[in-house]
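To start, the structure itself, in structure tokens.
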Amino acid sequence: MSQRILVVDDEATIRMSLVEALGAEGYEVSDAKTGEEALALCHAGGFDLLVTDLRLPGISGLDLLKALRNQNRTLPVILMTAYGDVDTAVAAMRLGAYDYINKPFKLAEIRRQVRGALRATGSATAESAPAVEPAAPAAAGPGRYMRMIQACPGLAGVARILEKIGASRSGADTPILVQGESGSGKELVARAVHEVTGARDRFMEINCAAVPETLLESELFGHEKGAFTDAKSRKEGLFELAGRGTIFLDEIGEMGILLQSRLLRVLENRRFRRVGGKEDLEIHARIVAATNRKLAAAIEEGLFRNDLYYRLQVVEIHVPPLRERPQDLEVLINHFLRELNQQLGLRCAAVDAPLLEMLQKYPWPGNTRELRNWLKRIMILEEPTRLLPEHFPEFIRLGRNPRGAGRAATGLSLMPLAEVEKQQILFTLEQTDNNKSKAARILGISRQTLREKLRLYEVDTDEGSSLQADEAEA
């Protein structure tokens, strides 16, 4: 029996193209124009996969996903999204979406995504599904993030600090500051803190750089009905929703000064008010903050409060970059291969010694995130049974940092003008520690233009490129 797929998009051209393309692959495809229509069809049951646009009239793709998960439906979901909605798509993946794909996309790409989703979720039939090498048992339950850290020799210092945190009697009022480069695994450490402290409630996270300050205040503290124009009802913020769990404030260095002042009061008093509220509420969750920014420099520039910094760094954890722990590469690569084999239905063997030696010579400026993204790209495009040096680009084989080439732009050499632009952009990013807002200001372009340039260059960055790597980074 063929698998049943539901395609949801309000654009008839896209909807019909997908129905035709997936139908030609042997799937039984139904379609819907709205989220409400899709939800009604899903209630009838019988679908193996949902492919939906993120932005829909009425119920959005995100609302549709939430509704399905609230009903304990495990239907795999692939989101189609415009490039500017990547942050929302990644948030949807944390709610249980299988993956997302950027518009415009090639039909071959969506076919591959569909095959991978059906294989990974066990929806493929015995006749259509290729034999897959059994994956190593996934670490489940309490301790899986901590075990990942303990498996990496280069993170032994981090593991020791986490063990002390777990063994101590310090309460949730002790904040923790995690520092490290983009992609080095700060969120993994934050989740390990959640585990070792035995937090009873949820792990709540927010990227302070991805949310405007006015909205960030509401997301953290919540708001009362009528507090501002669009506040049509009361909303609980993360401090309330986290209960006795953990609140992870990623990229805390990008938070505005005024909101920093309010956060400082919360840390000192363990109480807060919703926006527009009159009642003080108590906070029970532990606060873990993370940044890739040099906070000492931000303090000198007047962009970060000195008193907040010292309040946050009661316990400080530094995550070393991947280039300083090449011994971790074998653990990480084989972990990612097991994960991707299961996700994509492949049988790629563990990395061998010669290839490992080659990869250890590359500095990995994008850290663990860059490593995982290259492996995923190779697995999708090449479907290898084992990794070979030729699967990787020349700069990795030669052990050269592609961003270091930007220094050549400071001198004269013969190259196309477009290449000069590319090298200058990469050089500026390197000099600003990958701070895109600051790099865009220096270059005299908008942040959106910078993101489009990086996408054109196919450069992996920390923005929108994580692709479910939260628990795999180290």
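What's the number of the condition Ala24 fails, among (1) touching an Asp or Glu at 6+ places or on another chain (Cβ under 7 Å); (2) of a type in the set (A, V, I, L, M, F, W, C); (3) more than 22 Å from Thr81 (Cα to Cα)?
Only one criterion in (1) touching an Asp or Glu at 6+ places or on another chain (Cβ under 7 Å); (2) of a type in the set (A, V, I, L, M, F, W, C); (3) more than 22 Å from Thr81 (Cα to Cα) is unmet by Ala24, namely (1).
Going by the structure shown, is Glu330 in a helix (DSSP H, G or I), more than 14 Å from Arg400 (Cα to Cα), out of contact with any Lys or Arg (no Cβ under 7 Å at 6 or more places or on another chain) and free of Cβ contacts under 8 Å to residues at least 40 places away in the same chain? Give the derivation first.
Details: in a helix (DSSP H, G or I): yes; more than 14 Å from Arg400 (Cα to Cα): yes; out of contact with any Lys or Arg (no Cβ under 7 Å at 6 or more places or on another chain): yes; free of Cβ contacts under 8 Å to residues at least 40 places away in the same chain: yes.
Here the answer is yes, as Glu330 does meet what is asked.
Does any residue of segment 292-310 turn out to be modelled with pLDDT of 90 or more, more than 23 Å from Lys186 (Cα to Cα), hydroxyl-bearing (Ser, Thr, Tyr) and in the same structural domain as Val178 (by TED's automatic domain parsing)?
No, segment 292-310 contains no residue that is modelled with pLDDT of 90 or more, more than 23 Å from Lys186 (Cα to Cα), hydroxyl-bearing (Ser, Thr, Tyr) and in the same structural domain as Val178 (by TED's automatic domain parsing).
In segment 337-359, is there at least one residue being touching a residue at least 40 places away in the same chain (Cβ under 8 Å), closer than 30 Å to Glu254 by Cβ and assigned to a loop (DSSP other than H, G, I, E, B)?
No, there is no match, as no residue in segment 337-359 is touching a residue at least 40 places away in the same chain (Cβ under 8 Å), closer than 30 Å to Glu254 by Cβ and assigned to a loop (DSSP other than H, G, I, E, B).
Conditions tested, residue by residue: (1) modelled with pLDDT of 80 or more; (2) in a helix (DSSP H, G or I); (3) surrounded by 14 or more Cβ atoms within 10 Å (Cβ to Cβ).
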position: Leu371; (1), (2), (3): yes, yes, yes
position: Lys376; (1), (2), (3): yes, yes, yes
position: Thr385; (1), (2), (3): yes, no, no
position: Ile396; (1), (2), (3): yes, yes, yes
position: Met415; (1), (2), (3): no, no, no
position: Lys422; (1), (2), (3): yes, yes, yes
position: Leu429; (1), (2), (3): yes, yes, yes
position: Leu454; (1), (2), (3): yes, yes, yes
position: Thr461; (1), (2), (3): no, no, yes
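Going through Gly45, Gly58 one at a time, which residue ends up being small (Gly, Ala, Ser), out of contact with any strand residue (DSSP E or B) (no Cβ under 6 Å at 6 or more places or on another chain) and under 18 Å from Gly96 (Cβ atoms)?
Details: Gly58 fails: under 18 Å from Gly96 (Cβ atoms).
When all the criteria are applied, what remains is Gly45.
How many of the residues in segment 362-385 are within 16 Å of the chain's Cα centre (by Cα) and among the acidic types (Asp, Glu)?
Residues in segment 362-385 being within 16 Å of the chain's Cα centre (by Cα) and among the acidic types (Asp, Glu): 1 in total.
Determine which member of the set Ser218, Ser233 is surrounded by fewer than 17 Cβ atoms within 10 Å (Cβ to Cβ), farther than 20 Å from Asn435 by Cβ and in the same structural domain as Lys186 (by TED's automatic domain parsing).
Matching residue, one of Ser218, Ser233: Ser233.
Since Val132 meets every condition but one in (1) at pLDDT 90 or above; (2) outside any helix (DSSP H, G or I), which condition does it not meet?
Condition not satisfied by Val132: (1).
So, of the residues in segment 66-78 that are touching a Leu at 6+ places or on another chain (Cβ under 9 Å) and modelled with pLDDT under 85, which turns out to be surrounded by the fewest Cβ atoms within 10 Å (Cβ to Cβ)?
Thr74
Got a number for residues in segment 288-317 being within 26 Å of the chain's Cα centre (by Cα) and of a type in the set (D, E, K, R)?
Residues meeting the conditions: 3.
I'm trying to understand the selection: among the residues of segment 212-241, which are in contact with a Phe, Trp or Tyr (Cβ under 8 Å, 6 or more places away or on another chain) and in a loop (DSSP other than H, G, I, E, B)?
Gly237 - this is the single residue of segment 212-241 that is in contact with a Phe, Trp or Tyr (Cβ under 8 Å, 6 or more places away or on another chain) and in a loop (DSSP other than H, G, I, E, B).
For segment 291-308, give me each residue that is touching a Leu at 6+ places or on another chain (Cβ under 7 Å) and either in contact (Cβ under 8 Å) with a residue 60 or more places away in the chain or acidic (Asp, Glu) (or both).
If the condition is that a residue be touching a Leu at 6+ places or on another chain (Cβ under 7 Å) and either in contact (Cβ under 8 Å) with a residue 60 or more places away in the chain or acidic (Asp, Glu) (or both), then Asp307 is the only one that fits.
Does Leu381 satisfy the criteria of being surrounded by 20 or more Cβ atoms within 10 Å (Cβ to Cβ) and assigned to a helix (DSSP H, G or I)? Write out each step before concluding.
On the way: surrounded by 20 or more Cβ atoms within 10 Å (Cβ to Cβ): no; assigned to a helix (DSSP H, G or I): yes.
Here the answer is no, as Leu381 does not meet what is asked.
The values are calculated or read from the model by the stated rules, or taken from the named source; none is laboratory data. The structure presented is a predicted model; accordingly, all values stated were derived computationally and were not measured. Cβ: placed from backbone, ideal geometry, glycine included. Neighbour counts: every protein chain shown.
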